[in-house]
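The values are calculated or read from the model by the stated rules, or taken from the named source; none is laboratory data. Please read these numbers as outputs of a predicted model, since none were measured by experiment. So basically every Cβ, Gly included, is an ideal-geometry build from the backbone, and we count neighbours across all protein chains shown. Surface accessibility is based on the protein's heavy atoms, side chains included, excluding ligands, DNA and RNA. Shrake-Rupley method; radii C 1.70, N 1.55, O 1.52, S 1.80 Å.
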Amino acid sequence: MAETSSPLRKRIAVIPGDGIGKEVIPEAVKVLKAAAARGGRELPLTEFDWGADRYLRDGTTLPPDAVEMFRRDYDAILLGALGDPRVPSNQHGADILIGLRFKLDLYVNARPCILFDDRLTPLKGRTEKDINIWVIRENTEGLYAGVGGFFKKGTSDEIATQEDINTRKGVERIIRYAFEFARRIGRRRVCMSDKSNALAYGHDLWQRVFKEVRLQFPEIESSHMYIDNLLLQMVRDPSQFDVIVTCNLFGDIASDVGAGLIGGLGLTPAGNIHPGKVSLFEPVHGSAPDIAGKNIANPMGAALAAGMMCDYLGWSAEAQAIENSVRAAIREGKTTKDLGGSLGTREAGDWLADKVAAAAKG
Ligand code: NAD
Ligand code: IPM
Ligand code: MN
């Protein structure tokens with residue numbers, strides 16, 4: 001792809017991936033196109049067929065030139081999900097998704113948990129005022145760094161190690177991002193969560209860096225919670241949180257708990273971001289083999305991920321139009337069955353795209 005980007009033209013790579021990724025991404029693309037058409041934006045899309053089928057067919061996961069190509073030729077990546085029961089090792093998922101996060105140095109994984117409709121939370125008497133949390137997950141190190149190995153594998157003396165990698169640079173940049181993000185979106189509080197009571201080295205670093213960085217953000221209230229308590233408190237009283245910053249693994253878990261508070265995994269988007277560089281947007285959910293191929297998956301998480309991507313690219317009106325369409329669909333019961341509606345994935349996607357298009361005309 002030779003042509004360059006401009007504020008009115010953004011080049012998007014699309015990786016539907018596996019399972020429901022292949023169903024929700026086409027819907028997100030419909031919604032994205034409807035949003036882009038609003039302001040006469042140009043949105044050249046290129047689809048990549050990377051996923052389990054391709055891996056099983058010819059062994060391809062992340063091609064060697066992919067990272068350079070994304071840096072050079074694309075403004076953002078929209079990804080569905082990777083994971084297939086035929087690939088128990090999830091080798092292709094590790095290479096493609098974790099590979100892109102690490103190799104593009106997408107050190108922020110921003111995951112909003114916002115209650116769009118009071119009826120969707122399992123908690124009693126809670127509203128959007130109470131549940132509006134951003135989980136800012138470290139995305140390039142921790143237990144995901146892939147450092148470790150086996151010794152005497154397959155024997156009764158086997159040893160398996162998995163190192164938790166915490167670097168000064170990595171911890172500092174994610175904590176700083178969380179504070180800057182809170183400031184940018186007008187939030188008052190940042191809560192850092194770790195397990196420094198048990199992980200005396202790696203998470204001691206988080207403690208020290210947090211205490212240092214927060215001094216530079218005096219207007220933001222900062223607090224700390226151990227991860228076990230944090231998850232309890234998210235369920236007990238989510239209103240105490242604005243922005244949560246935590247390590248890679250804990251952020252993965254906290255974001256699924258957050259999804260549970262607002263209507264489930266069908267609704268939550270994620271931005272894998274390196275500010276100023278090509279970044280990757282995806283729903284928080286996986287490939288959901290239990291419901292794949294049935295036209296019942298909720299496309300909203302994927303559509304909202306496309307919305308986050310628009311916001312990242314500077315198209316905030318388009319992002320807002322997508323969010324508004326999701327809110328309207330929920331309000332009017334035009335949803336898939338996980339949210340109590342009776343629409344299929346495609347019909348729900350059509351409804352969102354029509355809503356976005358109609359808003360543009362009105
Ligand atoms: P999952 O997120 O795929 O599914 C968890 C549960 O939520 C399932 O019951 C599923 O039916 C439901 N669900 C998920 N998305 C939904 C949607 N859009 N609409 C309605 N219901 C939805 O998690 P899992 O079952 O633990 O993992 C399945 C596979 O996906 C595994 O291979 C896993 O490694 C992979 N995975 C990939 C990603 C990713 O690529 N980003 C994320 C999570 C899991
Ligand atoms: C996510 C997923 C991935 C993760 C898996 C598929 C490796 O659960 O994006 O939340 O743990 O990061
Ligand atoms: Mn996850």
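Considering only segment 141-153, I want to know if a residue exists there that is closer than 18 Å to G263 by Cα, open to solvent by 40 Å² or more (accessible area, probe 1.4 Å) and not β-branched (V, I, T).
So the first thing to find is which residues in segment 141-153 are closer than 18 Å to G263 by Cα, and the list is none.
So far as segment 141-153 goes, no, none of its residues is closer than 18 Å to G263 by Cα, open to solvent by 40 Å² or more (accessible area, probe 1.4 Å) and not β-branched (V, I, T).
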Review point. Do you know which of the residues in segment 108-122 that are open to solvent by less than 30 Å² (accessible area, probe 1.4 Å) and touching a Ser or Thr at 6+ places or on another chain (Cβ under 6 Å) is farthest from T246 (Cα to Cα)?
Key: L115
Check your understanding: Does I330 satisfy the condition of being β-branched (V, I, T), open to solvent by less than 60 Å² (accessible area, probe 1.4 Å) and more than 23 Å from V14 (Cα to Cα)?
Key -> yes
Check your understanding: Hey, any hits in segment 336-345 for a residue that's out of contact with any Pro (no Cβ under 6 Å at 6 or more places or on another chain), hydroxyl-bearing (S, T, Y), at pLDDT 95 or above and within 11 Å of ligand 1 (Cβ to nearest atom)?
Key -> yes
Exercise for review: Please work out if G154 is among the small types (G, A, S) and either within 16 Å of ligand 3 (Cβ to nearest atom) or not in a loop (DSSP other than H, G, I, E, B) (or both).
Suggested key: no
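Going by the conditions given, is N298 out of contact with any His (no Cβ under 8 Å at 6 or more places or on another chain) and either within 30 Å of K355 (Cβ to Cβ) or away from ligand 1 (no atom under 15 Å from the Cβ) (or both)?
On the way: out of contact with any His (no Cβ under 8 Å at 6 or more places or on another chain): yes; either within 30 Å of K355 (Cβ to Cβ) or away from ligand 1 (no atom under 15 Å from the Cβ) (or both): yes.
So N298 fits the description; yes.
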Revision key, fill the gap. The lone condition E347 fails out of (1) within 20 Å of P26 (Cβ to Cβ); (2) in a loop (DSSP other than H, G, I, E, B) is (2)
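When the residues of segment 100-124 are narrowed to those that are more than 30 Å from R236 (Cα to Cα) and touching a strand residue (DSSP E or B) at 6+ places or on another chain (Cβ under 8 Å), which ends up farthest from ligand 2 (Cβ to nearest atom)? So that I can check it myself, show each step before the final result.
First, the residues of segment 100-124 that are more than 30 Å from R236 (Cα to Cα): 100-106.
From what is left, the residues that are touching a strand residue (DSSP E or B) at 6+ places or on another chain (Cβ under 8 Å) are 100-101, 104, 106.
Values: L100: 11, R101: 8, L104: 15, L106: 11 Å.
Filtering segment 100-124 for residues that are more than 30 Å from R236 (Cα to Cα) and touching a strand residue (DSSP E or B) at 6+ places or on another chain (Cβ under 8 Å), the one farthest from ligand 2 (Cβ to nearest atom) comes out as L104.
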Review point. Residues in segment 215-227: is at least one touching a residue at least 12 places away in the same chain (Cβ under 8 Å) and in contact with a Leu (Cβ under 6 Å, 6 or more places away or on another chain)?
Key: no
Revision key, fill the gap. Checked segment 265-289 for anything more than 18 Å from R346 (Cα to Cα) and away from ligand 2 (no atom under 12 Å from the Cβ); matches are I273, H274, P275, G276, K277, V278, S279
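Only one of A360, A317, A305 is of a type in the set (A, V, I, L, M) and within 16 Å of ligand 2 (Cβ to nearest atom). Can you tell me which?
Details: A360 fails: within 16 Å of ligand 2 (Cβ to nearest atom); A317 fails: within 16 Å of ligand 2 (Cβ to nearest atom).
Just one listed residue meets the conditions, A305.
Please verify whether segment 162-176 includes one or more residues that are aliphatic (A, V, I, L, M) and open to solvent by 60 Å² or more (accessible area, probe 1.4 Å).
Filtering segment 162-176 down to residues aliphatic (A, V, I, L, M) leaves 165, 171, 174-175.
When the remaining residues are screened for being open to solvent by 60 Å² or more (accessible area, probe 1.4 Å), the result is none.
Scanning segment 162-176 turns up no residue that is aliphatic (A, V, I, L, M) and open to solvent by 60 Å² or more (accessible area, probe 1.4 Å).
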Revision key, fill the gap. Filter segment 283-327 for residues that are hydroxyl-bearing (S, T, Y) and more than 17 Å from V108 (Cβ to Cβ); the one that is most open to solvent (accessible area, probe 1.4 Å) is S316
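Table: residues versus (1) out of contact with any Phe, Trp or Tyr (no Cβ under 7 Å at 6 or more places or on another chain); (2) within 16 Å of ligand 3 (Cβ to nearest atom); (3) hydrophobic (A, V, I, L, M, F, W, C).
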| residue | (1), (2), (3) |
| --- | --- |
| G263 | yes, no, no |
| V278 | no, no, yes |
| V284 | yes, yes, yes |
| P289 | yes, yes, no |
| N295 | yes, no, no |
Check your understanding: Which residues, taken from segment 58-99, are within 21 Å of the chain's Cα centre (by Cα), near ligand 1 (Cβ under 10 Å from one of its atoms) and either of a type in the set (A, V, I, L, M) or under 27 Å from P7 (Cα atoms) (or both)?
Key -> L79, G80, A81, L82, A94, I96, L97, I98
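Please go through segment 177-189 and give me each residue that is open to solvent by less than 10 Å² (accessible area, probe 1.4 Å) and aromatic (F, W, Y), ordered by number.
First, the residues of segment 177-189 that are open to solvent by less than 10 Å² (accessible area, probe 1.4 Å): 178-179, 182.
Matches in segment 177-189: F179 only.
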